[in-house]
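Structure first, then comments.
The values are calculated or read from the model by the stated rules, or taken from the named source; none is laboratory data. Just so it is clear, the model here is predicted, and its values are computed rather than measured. All Cβ positions, glycine included, derive from the backbone under ideal geometry; neighbour counts span all protein chains shown.
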Amino acid sequence: MGTSKHIILIVVLMFFQGFTAQERINATLSSIILGGGQQSVTVTLDLQPIAIVDLEPENTNSGETFIVEEAGNPFPTGGSANPGEFWLNYTYRGSNLETASLYTRINQPLPDGMVITLQVINSASINGNFIPNPISTPLTLSTTPQLIASDFSSGYTGDGENTGYLIQYKISNPNAISLPAGFEIVFEIK
Amino acid sequence: MRTLLLYIVLSAPFFSTEAQILDGTLDVTGLPNFMQSFEDVIKEAGLDDSTLGFESEADANLISFILNPVLIVPSSTVCTGNIFRYSLYIHTENSPENVKISARTTSNSGIRFPASIPYDLLIIKPLGPRDLQPTNGGNYIEIPNDGTQAIKILEFVGCRTDIPIQFRIEASALAPAGVSNFNISYTIVGSVL
């Protein structure tokens with residue numbers, strides 16, 4: 001390639017550079033403020049704390065609680081590939097880098113003889129930004145909040161299936177008793 | 001030919017005054033308060049809060065730049081006889097991590113100062129009309145939190161007042177909740193071209 005072609009190429013590249021690059025300056029150099037000026041204003045930013053939990057696949061009745069109306073039936077996981085399992089997503093923003101924990105409980109006692117256990121069996125992140133810290137032992141649900149994941153900092157798990165915490169549940173109901181009306185399993189961050 | 005000569009004579013004062021750029025004063029009014037409301041918070045668990053974002057008022061800051069008086073000559077007269085091109089750059093100082101702050105204005109926003117001058121009547125205006133062009137077509141531009149990388153958000157010709165600046169805040173869930181303070185710095189640079 002001749003010298004003239006090189007020059008033309010450089011000119012063309014500079015031309016396109018001018019179109020694509022955002023103009024920037026070093027504003028810390030007072031010498032650049034020729035015929036201009038500089039001024040700062042103080043801004044206040046106030047961000048809300050966030051603590052929201054969701055179960056996937058989506059429950060049609062509620063985003064934050066499972067509603068099971070008939071013991072012995074699987075949770076209404078809306079056609080999950082693995083009945084008996086669901087994914088838990090959360091987004092959490094704490095104040096002053098405060099950590100939080102994730103708890104589960106039932107809103108009313110189970111009928112005599114019925115036992116529901118939950119267990120975190122996996123965690124994953126798709127478009128999320130969180131550090132998994134699950135309690136991996138099986139939990140027998142009661143009206144007392146029990147820890148699912150402890151002491152995590154602000155983050156988000158990613159939305160949908162295959163991201164967040166994979167939770168497996170098992171129901172033992174030897175007496176074939178129905179669940180009470182309004183029964184819920186509650187997940188909450190606090 | 002006579003018309004051309006007349007034009008050159010009439011426009012000579014404007015060309016001559018551009019030979020040396022004059023000092024002016026940048027004035028920024030408004031103390032933006034970026035308060036996230038409950039409605040501004042992400043509702044779908046698992047998503048980052050930055051996917052939603054929220055905006056300030058359209059005129060969270062008002063920017064004015066007029067040339068300084070020269071002896072007994074008031075700014076309005078100095079601005080009438082001296083036309084320069086100005087670029088406005090912006091950056092933040094000590095803004096929180098994981099918070100993206102962007103700014104914008106609209107095309108030809110603000111008010112010419114003075115509103116009408118002989119320069120506006122020139123057939124060929126040396127620096128073009130006394131208009132304002134936002135960078136990026138008036139779309140939001142991310143503000144760097146680095147004074148060495150201040151970014152241009154608009155340029156205008158001639159003195160101008162009350163240029164509104166609007167902000168967009170995209171705060172990740174990783175940014176701490178609560179109140180924090182930081183600075184937004186404006187730098188205006190004049191040019192004779």
Next item on the list: Return a yes/no flag: does the range B:156-169 have any residue that is within 11 Å of chain A (Cβ to nearest Cβ) and within 12 Å of B:Ser95 (Cα to Cα).
Entry: yes
Margin query: If I ask for residues that are exposed (fewer than 13 other Cβ atoms within 10 Å of the Cβ) and either under 26 Å from the mean Cα position of the chain (by Cα) or modelled with pLDDT under 90 (or both), which ones from the range B:30-54 would you list?
Written below: B:Leu31
Item checked: Identity of the residue in the range B:26-53, of a type in the set (A, V, I, L, M, F, W, C), at the interface with another protein chain (Cβ under 7 Å from one of its Cβ atoms) and in a loop (DSSP other than H, G, I, E, B), that ends up farthest from A:Glu161 (Cα to Cα) -> B:Leu31
Next item on the list: Look at the range B:12-23 and say how many of its residues are surrounded by 16 or more Cβ atoms within 10 Å (Cβ to Cβ) and either more than 7 Å from chain A (Cβ to nearest Cβ) or at pLDDT 95 or above (or both).
Entry: 3
Notebook entry, point to check: Just a yes or no: is a residue in the range B:67-76 crowded, with 19+ Cβ neighbours inside 10 Å and modelled with pLDDT of 95 or more?
Noted result: yes
Item checked: the range B:98-143, subset touching a residue at least 12 places away in the same chain (Cβ under 8 Å) and of a type in the set (Ser, Thr, Tyr), residue surrounded by the fewest Cβ atoms within 10 Å (Cβ to Cβ) -> B:Ser107
Margin query: Return the residues of the range B:156-184 that are part of a strand (DSSP E or B), surrounded by 20 or more Cβ atoms within 10 Å (Cβ to Cβ) and in contact with a helix residue (DSSP H, G or I) (Cβ under 8 Å, 6 or more places away or on another chain); say none if nothing qualifies.
Written below: B:Ala171
Next item on the list: Mind listing just one residue for me: the one in the range B:128-155 that is part of a strand (DSSP E or B) and under 16 Å from B:Gln166 (Cβ atoms) and, of those, farthest from the chain's Cα centre (by Cα)?
Entry: B:Glu142
Item checked: Check on A:Thr42, modelled with pLDDT of 95 or more, within 8 Å of chain B (Cβ to nearest Cβ), in a strand (DSSP E or B) and surrounded by fewer than 13 Cβ atoms within 10 Å (Cβ to Cβ) -> yes
Notebook entry, point to check: With B:Ile101, B:Ile63 as the choices, which residue is modelled with pLDDT of 95 or more and in contact with a Leu (Cβ under 7 Å, 6 or more places away or on another chain)?
Noted result: B:Ile63
Margin query: Looking only at the range B:66-85, how many residues end up being over 11 Å from B:Cys159 (Cα atoms) and part of a loop (DSSP other than H, G, I, E, B)?
Written below: 4
